[in-house]
Each structure stands twice: as structure tokens, then as C-alpha cells.
1. Please report, in whole Å, how far the alpha carbons of segment 149-268 spread along each principal axis, starting with the longest.
2. Over segment 118-161, what number does the Rg to Rh ratio reach, with both radii from the alpha-carbon atoms and Rh per Kirkwood?
3. Just to confirm my numbers, what's the Cα centroid distance between segment 37-83 and segment 84-140 in Å?
4. Cβ neighbours within 10 Å, averaged per peptide: list 84-96, 192-204 in order, most packed at the top.
5. How long is the gain from residue 46 to residue 206 if the chain were fully straight, where each residue apart is worth 0.36 nm and the alpha carbon distance is subtracted?
6. Can you give the extra length, in nm with one decimal, that the chain gains between residue 279 and residue 57 once fully stretched, where that is 0.36 nm per residue apart less the Cα-Cα distance?
7. Need one number for segment 204-261: average projected area of the convex hull over its C-alpha atoms, nm².
8. I'd like to compare 106-113, 140-147: which one has the highest average count of other Cβ atoms within 10 Å, and what's the full order after that?
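Bear in mind these aren't lab numbers, they're just calculated from the coordinates by the rules spelled out. Keep in mind that this is a model prediction, so the values were computed, not measured. Heads up, the Cβs are rebuilt from the backbone with ideal geometry, glycines too, and the neighbour counts pull from every protein chain shown.
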Amino acid sequence: MAAAKMTMRSFRNFARCEVPTFASGLSPRMLSTFARLPEVHEMLRKTCRDFVEKELKPVAAENDRHHRFPKQQVKKMGEMGLMSIVIPESEGGLGLDSLAYSVAVEEISRGCAATGCIMSAHNSLYLWPILKYGTKEQKERHLKPFMDGSIVGSFALSEPGNGSDAGAASTVAKLVGNEWVLNGTKAWITNAHESGGFVVFATTDKQKKHKGISAFIVPRDSPGLSLGKKEDKLGIRASSTSNVIFEDCCVPKGNLLGEQGQGFKIAMSTLDGGRIGIASQRSEERRVGKECRSRWSPYH
């Protein structure tokens, strides 16, 4: 771990150089120019790979079998900076670029697909929209406490009847005095049972269709919020997936993320960045699957 922390300090020095951050991304043309990874990214890959071998691989199968969240491992990932890798150093995060994020997610997913999913959803889908659209007060209350690996966050967009159609939210939010009151159900929410907070999308003006959707930060302990049962998936079971139910769920007026009616834009821009994490997970999982198949198949 001492070596990992030393490496992370090197990463912070690297982040001060003139390289694109996660928010700006790297173009496909820029990525295609890398015949091999730059030195700092290779250092990150080795650090993550060592962590995977020592901390994740030995417990991955057992955690998956018992739907057990890898709490200790995620906490250590927070100490390494991986649970805030997309957050700029000025906000207390690691502040690395999109390539570094992809490399880290790939390596974590190589040892445990569920932990890669936890890391990706937390960074891309919870931290990033609050970083991009949140106020200073929102960042203090709902971003910074989520950066050290002790708490993870979730992104609540999909619904039982609408899937992940960001322009068709059946969940509604009504302003009553100084509180927003939410009613509806979100489905297939990653990290739901371990989450300390949710970025939730709800309709605030049905007449405006997708322009009448707004985003909210909803803490797990908000009155009126409950969780459905954990889905018994075929894999990635150490990361819980379940419904999130809002029944007259009240949050302060100040928990509106961005402007009223900006929810569709927030959802779309968040999902754009989220595709980096998803692609990185699937890429490494596919490679590992191929390696396993070649070991067991008589036809390789």
C-alpha cells in the first residue's frame, strides 16, 4: 500500500501536465497514436494489477457467490485514489485523464467484474454529474464524503416501464414548500443496497416532455425512500442491483441538481462519459473470458 500511495503522488504530479482530463476526454485519433501506454499509465496499470492479485482475486468468487459487497477492498481503492479518479485535484480527487480511468477500470475488472462495475458506476454516474452540475454546497455535502471509498453512490434513471429512456421518466417530483416530493420507482440500479446517495431523474413538468425532466440528489436516508430485493443475477453479484422506490420521498429544495428542466441534458452527458467505464469493463472481461475458455476447451 505504501508503494501504491507513492505511485498516486506521482500520478498527481502527472495530472498537472497538459493532458486532457476525464471531463474533456481523449479523441479516438489521440488514443490510436499510442503504440503502447505512456509510462505513467503503465505505472497505474501495474499498481492496479498488483492490487487485484493481492486483494481482489482471492475473494472475488466467494463475494460473487454470496452477493457480498467488497467493502474492505473498495475502501482501499479509495485510499489509492481510484474511487475519485475522475475528480480534479482541486476538488480533492486524483484528477487523471480518460485513458488512465479506462486503464484502471480494465485492471480492476480483470480481477473482479463486480468491483470494476462498482468503481465505474460510482465515478462516472454519481460523482461526475455532481462535479459538473453541482453547486459548491452540493459538492461539499454529496461529493467529497464519497471520494475516499467509504461510501458509494448510484445513478437512478431506468424505470420498469421505460427502461433507460432518459426522455420518458414516469417518476415525478413536485415542489411543496421548501421540499421536493418524489414518487415513482427506478429499476436495475447498480450499487443500490450499498449506496449512500442517488442521482435521480424525475418529471417536474409533463407538458414539456423531455425538457420537463429534472435531476435530484437524494441521500439514502431520505424519508420515503426504500429498496427492492437484490436481483439474483447470473454474475457481478457483489455489486447489488435492485429497484429504488420513492413514496412521498422528501428532499430539500437545494437538492435540485443543475437547473429545473435540465435533467435530460444531465443524463445524456453523464451517460456519454459512462460509456468509457462500461467499454473498459467489457473489454477486459471479454479478454479474461477468452483466456479461461482457452484453458478449458480442447479446441483452442
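1. That works out to 40, 26, 24 Å along the principal axes.
2. On the way: Rg = 11.1 Å, Rh = 11.0 Å.
For segment 118-161, the value is 1.01.
3. Centre-to-centre distance over Cα atoms comes out at 14 Å.
4. Values: 84-96: 21.1, 192-204: 23.5.
Taking the mean over residues of other Cβ atoms within 10 Å, the ranking is 192-204, 84-96.
5. Working: separation 160, 0.36 × 160 = 57.60 nm, distance 5.02 nm.
Full extension from residue 46 to residue 206 adds 52.6 nm.
6. On the way: separation 222, 0.36 × 222 = 79.92 nm, distance 2.11 nm.
Net length gain for the segment: 77.8 nm.
7. Working: hull surface 22.5 nm².
Result: 5.6 nm².
8. Values: 106-113: 24.2, 140-147: 18.9.
For the peptides 106-113, 140-147, the packing ranking is 106-113, 140-147.
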